[in-house]
1. Counting only residues that are exposed (fewer than 13 other Cβ atoms within 10 Å of the Cβ) and modelled with pLDDT of 90 or more, which one in the stretch 29-55 is farthest from residue 2 (Cα to Cα)?
2. Look at the stretch 65-89 and say how many of its residues are in contact (Cβ under 8 Å) with a residue 12 or more places away in the chain and either more than 12 Å from residue 21 (Cβ to Cβ) or loosely packed, with under 11 Cβ neighbours inside 10 Å (or both).
3. If we keep just the residues of the stretch 1-28 that are closer than 14 Å to residue 77 by Cβ, out of contact with any helix residue (DSSP H, G or I) (no Cβ under 9 Å at 6 or more places or on another chain) and not in a loop (DSSP other than H, G, I, E, B), which is modelled with the lowest pLDDT?
């Protein structure tokens, strides 16, 4: 079921869904790296690689949670980006109330001239 929801999310939100997923990935990876390095004194490059490797493994273990968070957060992120004017969607949301389009002056003057 989650696989279908993820596919539908990607079709509907595209770049926003991908951006949300990778932002969560980067935040979790950085959080684990900071947490691990806080408990380990790293003085060499191989030690740094060890911290990064451990953080990566811990991040991969949280993948189901990150996917679930992506499913929940993507519509909220898209709505926020629309409100801020950062994201222009190809699909415009339908108007809240159906109203006829306003008449233009050009159509009124042409019908008056033609009569």
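The values are calculated or read from the model by the stated rules, or taken from the named source; none is laboratory data. Note that the structure is predicted; figures quoted are calculated from it, not measured. Please note: Cβ atoms are built from the backbone with ideal geometry, for glycine as well, and neighbour counts cover all protein chains shown.
1. Filtering the stretch 29-55 for residues that are exposed (fewer than 13 other Cβ atoms within 10 Å of the Cβ) and modelled with pLDDT of 90 or more, the one farthest from residue 2 (Cα to Cα) comes out as 34.
2. Step one: filter the stretch 65-89 for residues in contact (Cβ under 8 Å) with a residue 12 or more places away in the chain, giving 66-71, 73-75, 77-78, 81, 87.
From the residues that got through so far, the ones that are either more than 12 Å from residue 21 (Cβ to Cβ) or loosely packed, with under 11 Cβ neighbours inside 10 Å (or both) too are 75, 78, 81, 87.
Matching residues across the stretch 65-89 total 4.
3. 15
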